[in-house]
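Before any comments, here is the structure.
Bear in mind that the values in this text are calculations on the coordinates, not laboratory data. Predicted, not measured: the structure shown is a model, and the values here were computed from it. FYI the Cβ positions are ideal-geometry reconstructions off the backbone, even for glycines, and counts take in every protein chain you see.
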Amino acid sequence: MYEILAPSPDGQIVLRTLDSSGLRAGPDTTVPRSDLPGLVARLEASQRPRWVWRTAADWYPRLLASGVTLRRCHDLMLCATLLTNSAYTGAYATSFTSSDDLIEQPGSLPPAAPPQGQGSLFEEEPVHGPSADELERELAAQLRSIADSAHPGRLRLLCAADSAGALVAAEMQAAGIPWDVETHERLLADQLGPRPRGFERPGRLEDKANELRTQLGAPGLNPDSPQELMRALHRAGIEARTTRAWELREFGHAAIPPLLEYKKMARLFAANGWAWLDAWVRDGRFRPEYVVAGVVTGRWASRGGGALQIPKQVRSAVRARPGHKLVVADASQLEPRVLAALARDDAMAAAARDADLYAGIAAAGFGGDRAKAKVALLGAIYGATTGESGRLMPQLTRLYPRAVAFVEQAARDGERGLTVTTHLGRSSPAPSERWQRLQRSTSAEEQRRADAAARDRGRFTRNFVVQGTAAEWAECWIAELRQQLRRLAALGVKGELVYFLHDEVMIHAEEEAAAACADAVQEAATAAKRLLFGDAPVQFPVSIAVVDSYDQAK
DNA sequence: CGTTGCAGCGCG
DNA sequence: AAAGCGCGCTGCAACG
């Protein structure tokens with residue numbers, strides 16, 4: 001059963017009930033905005049509908065702030081995007097473009113933490129957007145598109161996964177990552193010195209800059225300027241081509257160690273220093289915004305505070321509240337396992353029966369050399385042509401012809417300008433006009449550039465099928481996990497999802513609930529595998545750590 | 001002056 | 001140890 005949520009012209013809100021095939025199942029209900037949370041909660045409890053909206057952002061943050069959580073939804077915008085591009089669907093036109101939603105005012109402030117509890121937040125700011133009729137029409141078009149597609153089951157699952165993702169994303173933003181400001185500030189003081197008053201560098205960072213200036217004989221140097229730094233390096237006889245840390249490491253000069261240390265410290269100061277704490281952590285929580293399917297491959301992106309790049313350096317500040325634990329889990333070697341399943345490469349799947357896939361593959365054909373097996377496999381997924389990983393490709397091809405052929409096919413398709421598609425049906429974007437023009441060009445110089453562009457695109461599509469399908473597995477994993485945590489919560493066993501990072505999740509759980517949450521993580525992984533790949537002989541083990549702070553995990 | 005692109009580094 | 005994929009954020013440098 002579907003329940004459409006829409007603004008009505010008179011400033012109230014319309015609810016429209018449809019049956020499971022999308023037909024009207026009764027008269028509309030119109031309610032004042034202030035009554036919405038109560039009504040939604042009642043319907044959720046009695047009917048358990050699939051809520052239909054343009055985008056979760058219109059409704060769910062405010063429902064959450066009123067204390068209402070929902071089981072499932074159909075997010076028309078997310079589904080419109082994937083159905084429009086999917087190679088599984090036929091002609092399908094939608095006006096539900098996501099483009100206008102992506103235009104954000106530059107420099108906009110971080111969203112305030114949703115206030116808790118009382119009153120209806122719908123009173124303050126009305127919902128804008130399509131009417132119930134428009135939403136109903138769009139839903140019908142989407143359901144038809146799915147039913148008429150080459151893989152209705154897969155697309156239904158993908159729509160459900162992205163929609164569940166929209167719910168989890170809003171819930172995680174509302175919950176926030178528990179962040180211990182004191183620990184973070186102590187760590188900053190230890191490494192950088194006391195917080196500076198104005199805009200100058202902190203003491204230890206300035207000391208390090210001076211040490212560097214002395215070593216280079218460049219008293220006025222601003223080490224943050226790549227151009228100045230490059231000139232100073234050259235004057236000191238260091239013939240670096242770039243100022244990248246790993247290239248500089250090769251030089252034996254006495255200025256290099258302080259320079260590398262400076263870069264490390266400067267990065268901490270700029271990216272995750274006091275200003276970051278002020279901007280992004282409130283009431284002991286870091287609340288980033290998650291952008292479901294914000295990456296072409298279907299991975300999530302985030303906005304605000306660099307939530308998907310929390311450096312190892314500061315992870316000790318991610319700390320469970322008193323009486324709580326963090327349950328941190330990650331899927332082991334997710335992408336190679338996805339490749340084995342996608343390519344139906346049973347030999348590779350057999351090697352992956354091992355909890356350590358790389359060790360299994362090393363034993364099967366790399367003389368037990370785990371490092372070699374890893375480099376070879378990642379090279380196949382990323383499209384490495386040179387270096388060690390390029391040299392190992394023939395060996396990998398002999399061992400796992402099906403898996404290698406699968407990614408090679410994706411690469412060839414991309415080079416020819418075709419799109420490629422994940423297991424559940426997310427397709428890569430078509431090549432740009434510019435790219436296609438370049439491919440048609442005739443001059444020798446242009447041909448050279450065209451070949452290079454074709455190879456670039458081949459590497460992209462090669463990786464797309466694997467990264468994208470891995471993202472689907474991971475989204476099904478957290479969707480399943482979310483349902484299990486809701487069931488546990490109903491029994492008084494309390495843990496909430498607070499972080500998701502491609503192949504990793506974090507639950508903030510009451511101490512007594514941690515073990516049950518860990519089990520739920522494992523069961524959700526098994527369920528996700530079954531949803532995507534049925535009984536294919538591939539395993540997706542997860543490693544789980546129950547810890548007090550994030551740095552203690554793995 | 002504000003905007004845009006790039007280099008560099010963080011994460012998976 | 002450092003090539004191949006996908007991102008976000010920062011400060012500097014160049015552009016209009």
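Okay, here's what the table says:
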{"read-out": "Mean Cα-pair separation over length for chain A, i.e. relative contact order, pairs under 8 Å, 6 or more apart, %", "value": "15 percent"}
{"read-out": "Whole-angstrom Cα spans of region A:1-175 along principal axes, big to small", "value": "47, 44, 29"}
{"read-out": "Relative contact order (percent, whole number), region A:1-175, Cα cutoff 8 Å, 6+ residue spacing", "value": "29 percent"}
{"read-out": "Computed over region A:151-295, the ratio Rg/Rh where both radii use C-alpha atoms and Rh is Kirkwood", "value": "1.17"}
{"read-out": "Over 22 Å (Cα to Cα) - which of A:LYS312/A:LYS494; A:LYS325/A:LYS554; A:LYS208/A:LYS554; A:LYS263/A:LYS312 fall in this group", "value": "A:LYS312/A:LYS494; A:LYS208/A:LYS554"}
{"read-out": "Label-to-label distance, nm, for residues given as A:TYR382 and A:ALA279 (7 Å Cα→Cβ offset)", "value": "2.8 nm"}
{"read-out": "Residue list for region A:164-206, given a label point 7 angstrom along the Cα-to-Cβ vector of A:ASN222 and an amide N cut-off under 17 Å", "value": "A:199-202, A:206"}
{"read-out": "Length gained when the stretch A:LEU39-A:ALA254 is fully extended (0.36 nm per residue, less Cα-Cα span)", "value": "70.4 nm"}
{"read-out": "Contour minus Cα-Cα distance for A:GLU511 and A:ALA405 (0.36 nm per residue)", "value": "33.4 nm"}
{"read-out": "Radius ratio Rg over Rh of region A:334-469, counting only Cα atoms, Kirkwood formula for Rh", "value": "1.04"}
{"read-out": "Label-point separation, A:ASP148 to A:ARG434 (7 Å along Cα→Cβ), nm", "value": "3.5 nm"}
{"read-out": "A:ALA347-A:THR214 FRET efficiency (beta carbon distance; Förster radius 51 Å; 0.05 resolution)", "value": "0.30"}
{"read-out": "Per-peptide average of other Cβ atoms within 10 Å, ordering A:257-264, A:239-246 highest first", "value": "A:257-264, A:239-246"}
{"read-out": "Normalised alpha carbon radius of gyration of chain A [divisor 2.2 N^0.38 Å]", "value": "1.07"}
{"read-out": "Contour excess over end-to-end distance, with Cα ends at A:MET1 and A:ARG486 and 0.36 nm allotted per residue", "value": "172.6 nm"}
{"read-out": "Calculated FRET value between A:GLU200 and A:GLN552, using beta carbons and R₀ = 45 Å, to 0.05", "value": "0.85"}
{"read-out": "Of the DSSP H helices in chain A, those whose Cα atoms cover at least 30 Å axially and whose Kyte score averages -1.0 or more", "value": "A:152-175, A:444-490"}
{"read-out": "Calculated FRET efficiency for the pair A:ARG412/A:GLU445, C-beta based, R₀ 35 Å, to 0.05", "value": "0.90"}
